[in-house]
Amino acid sequence: MTTLRSRQAAGDTDWWRSAVVYQIYPRSFADDNGDGVGDINGIRSRLPHLARLGVDAIWINPWYPSPMKDAGYDVSDYRAIEPVFGTMAEAEALMAEAHALGIRVILDIVPNHTSDQHPWFQAALAAGPGSPERARYIFRDGRGPGGDLPPNDWRSEFGGPAWSRVTEADGRPGQWYLRLFAPEQPDVNWDHPDVHAEFEESLRFWFDRGVDGFRIDVAHGLVKDAGLADVAGLEFPLPDDTPEGVEHPHWDQPGVHDIFRRWRAVADAYDGPRVFCGEIWVGRDHRLTAYLRPDELHTAFNFNFLMAPWLASPLRETITSTLAAHAAVGAPATWVLGNHDVCRPVSRYARPQDRVREGFPSLQGYLGLPADLDAGRRRARAAALLSLALPGGAYVFAGEELGLPEVEDIPLEARQDPMVAGTGGANIGRDGCRVPLPWTTDGSSFGFGPDGGAAPWLPQPPDWGRWSTAAQEGDPASFLELYRRALSVRGGHPALGDGALAWVDAGPDVLAFTREPGFGCWVNLGTDPVPLPAGRVLVASGPLADGALPADTAAWLALD
Ligand code: GLC
């Protein structure tokens, strides 16, 4: 009950500054109707589990009508519910039930691109070059003789050129359209007033239905260089020493901030805070926190923390620079260990941490490196306590509370991520963290769907049931009980959530800090046990060794 108390104590206006947000990938969470794909009623049936876990909010990945070329990130109608997931009435019921349990609901808005099946894009194809319909997207003539070459050198995140060519009404190869992701995800033109109006209207549509906020997909990508200048080899994220004024032509363009100022005004017109969290991959802290100025977004995912190796010095540096940059704009930091795009933390931390490659942290970056999953588990448990003790909010991707590993051996033909097709199989993509959750130790889909229902949309490993909620329930050594205990302590402790920390020097391999009143977090990233200060252990990520903190272990302490 402590978590409920603290939710109320956190106050209605500032809840987002310290919220623990649980990410639900609806396809993979719980399948109520047995068609092999998770759904809204599945989420509803598990809300009591989430309330018991002690989270403050849920973020639901896109649930709008979609041809599912990128698992819902190709939206064909922003103001309706995808029939595979359910109905609007079920969505409204979910929101009411979540709110009744004290859980806020955050949706996912996808403003960089629509589906190619969106009525706007279909109209643009039909209307032809130079038409007002095409002006809502980014259509250009090709380069070279016959316009056979893409208009510039931009590359898709999913492999190959970022442009696709259309066939015009007369049957001839025609213009090209920009799509930074899959060919079925045309980028919209944010210089167009219709685009602003459409998305602002969609925000209002859901706010009017009681939604508490939005995660903003690819928030740093909306504005493109007016001349569509070539990237010309410029790496992104731009290096730390990039001179001011040097900008990438399609990521983090300065003009993007005006869009979010307008969105903030839309949100602020509602009673009770409606909040935004940006998906912003920009590297440099000051460029991230520029999005968090008081009249822009409330929060952003802290991917620098997610990408930091499990080594004391880079982690400490990341935490320190994160906190300093956020303090400068008065925004709370967030602490993120995983999501539906990256390798699960257990499997990431299982790799030799001095050899993990920088960059986009999907499984592809870890292939070929040996994995010690026991070490990965110990570290992921310690990382959970670290992230939940740091000042600000935290995100928990469904399955993290179970310590699920990345499923690395999904056969190529069973993989669904468009990244696989886009790269001709060279990148195995992100399916390994999206495998449907195990709820029970046995059953045809380990409780993801009804027994005997259709096979889950991604295959589950045969031993998946050992990580299930049912297998962990009541086992004090389990991941699930660690998360429950940590969230319960966090919810009731006045030192946790938003605020400040003070580092304690406990040696080069230890991250140790205190928070007032009377709280300490000690994390041992070295190889030998280290002493703990005097105090009562509130929760530890593993057994202590005669009162000392073993390697890859974290402890929360009530300090005298
Ligand atoms: C974001 C989403 C990812 C999606 C991409 C394109 O990065 O998190 O899953 O593929 O945007 O919408």
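The values are calculated or read from the model by the stated rules, or taken from the named source; none is laboratory data. Remember, predicted model here, so these are calculated numbers, not experimental data. Counting neighbours? That spans all protein chains shown, and the Cβs are built from the backbone with ideal geometry, glycine included. Note: areas computed on protein heavy atoms with side chains; ligands, DNA, RNA excluded. Shrake-Rupley method; radii C 1.70, N 1.55, O 1.52, S 1.80 Å.
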- Query: What is the one condition in (1) at pLDDT 95 or above; (2) within 16 Å of the ligand (Cβ to nearest atom) that Thr423 does not satisfy?
  - Reply: (1)
- Item | Neighbours by Cβ (under 9 Å, 6+ apart or cross-chain): first from the range 526-548, closer than 18 Å to Asp374 by Cβ and modelled with pLDDT under 95; second surrounded by 14 or more Cβ atoms within 10 Å (Cβ to Cβ) and not small (Gly, Ala, Ser) | Ala545/Pro529; Ala545/Thr553
- Message: Being within 18 Å of the chain's Cα centre (by Cα), modelled with pLDDT of 95 or more and either assigned to a loop (DSSP other than H, G, I, E, B) or not hydrophobic (A, V, I, L, M, F, W, C) (or both) narrows it down to one residue among His340, His326; which is it?
- Response: His340
- Take the residues in the range 281-301 that are in contact (Cβ under 8 Å) with a residue 40 or more places away in the chain and within 18 Å of Ala500 (Cβ to Cβ), then tell me which one is surrounded by the fewest Cβ atoms within 10 Å (Cβ to Cβ). Asp285
- Pick out the one residue from Leu228, Leu222, Leu178 that is of a type outside the set (Phe, Trp, Tyr), within 16 Å of the ligand (Cβ to nearest atom) and under 18 Å from Asp141 (Cβ atoms). Leu178
- Item | Complete set of residues in the range 159-182 that are in contact (Cβ under 8 Å) with a residue 12 or more places away in the chain, more than 17 Å from Leu222 (Cα to Cα) and not in a strand (DSSP E or B) | Gly159, Gly160, Glu168, Ala169
- Test: residue in the range 187-196 that is surrounded by 14 or more Cβ atoms within 10 Å (Cβ to Cβ), away from the ligand (no atom under 16 Å from the Cβ) and under 23 Å from Phe303 (Cβ atoms): no
- Task: Output the residues belonging to the range 511-537 that are crowded, with 19+ Cβ neighbours inside 10 Å and either in the same structural domain as Glu481 (by TED's automatic domain parsing) or not β-branched (Val, Ile, Thr) (or both).
- Result: Leu511, Ala512, Phe513, Arg515, Phe519, Gly520, Cys521, Trp522, Asn524, Leu525, Leu532
- Give the residues of the range 497-510 that are assigned to a loop (DSSP other than H, G, I, E, B), in contact with a Ser or Thr (Cβ under 9 Å, 6 or more places away or on another chain) and open to solvent by 20 Å² or more (accessible area, probe 1.4 Å), sorted by residue number. Asp498, Gly499, Leu501, Pro508, Asp509
- Determine which single condition Phe448 fails, assuming it passes every other condition in (1) buried (at least 24 other Cβ atoms within 10 Å of the Cβ); (2) not in a loop (DSSP other than H, G, I, E, B). (2)
- Message: Can you list residue pairs whose Cβ atoms sit under 6 Å apart, with the first residue in the range 405-424 being free of Cβ contacts under 8 Å to residues at least 60 places away in the same chain and the second being more than 13 Å from the ligand (Cβ to nearest atom)? Count only pairs 6 or more apart in sequence or on different chains.
- Response: Val407/Gly432; Val407/Val435; Val407/Pro461; Leu412/Gly425; Ala414/Pro459
- Residues of the range 97-132 satisfying the condition of being more than 16 Å from the ligand (Cβ to nearest atom) and part of a helix (DSSP H, G or I): Glu97, Ala98, His99, Ala100, Pro119, Trp120, Gln122, Ala123, Ala124, Leu125, Ala126, Ala127
